[in-house]
Amino acid sequence: MTRAQKFFGKLLSFLAAWLIVLNSRLSDQLSSQLYHVVLLLPLYLLIAFGCYSIGVIAYNLLIFNDCKEATQELEKDIQRARAHLTAKGFRA
């Protein structure tokens with residue numbers, strides 16, 4: 001099973017349970033404040049997921065390592081490509 005299938009399976013299960021709670025007689029027994037929390041639960045989860053994603057991206061940017069050897073190798077490759085193109089008669 002792929003990650004996407006697992007994710008969509010969990011999402012579908014959550015949405016089914018959420019809709020059951022909203023449309024059942026449980027909603028009549030819930031207080032109005034709790035009903036609004038349950039009603040907005042997908043929005044809260046989406047906001048929490050967005051915050052988590054931003055945090056993961058920020059953390060990975062902070063620990064990103066510079067590869068000085070790769071930079072030097074890339075610069076040498078660029079110089080060789082320019083020299084090769086100049087030898088072939090290409091002018092920029």
Checking the chain for trypsin sites (Lys or Arg not before Pro) in a loop per DSSP with at most 10 other beta-carbon atoms within 10 Å yields Arg25, Lys88, Arg91
Kirkwood radius from Cα pairs of region 3-65 plugged into Stokes-Einstein at 10 °C, 1.306 mPa s, gives D in µm²/s equal to 113
Placing +1 on each Lys and Arg Cβ and -1 on each Asp and Glu Cβ in region 1-70, then taking the dipole about the Cα centre, the residue among Gly55, Asn65, Ala4 whose Cα reaches farthest towards the positive end is Ala4
Computed over region 31-75, the distribution of all Cα-Cα distances in 10 Å bins, rounded to whole %, is 23, 23, 20, 15, 9, 7, 2
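222 nm [θ] for the chain, helices only, -39500 (n - 2.57) per DSSP H run of 4+, per residue, to 500? Display every interim value, and only then the final one.
Numbers: 5 runs with 75 residues, N = 92.
Helix contribution divided over all residues of the chain: -26500 deg cm²/dmol.
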Taking Cα atoms only, helix 3-23 is inclined relative to the longest principal axis of the chain by an angle, in degrees rounded to 10, of 30
Magnitude of the Cβ-charge dipole (Lys and Arg +1, Asp and Glu -1) of the chain about the Cα centre, nearest 20 debye, reported as 400
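A short reminder: the numbers here are calculations on the coordinates, not readings from a lab. Note that the structure is predicted; figures quoted are calculated from it, not measured. Neighbour counts are summed over all protein chains in view; Cβ atoms, including those assigned to glycine, are modelled from backbone coordinates with ideal geometry.
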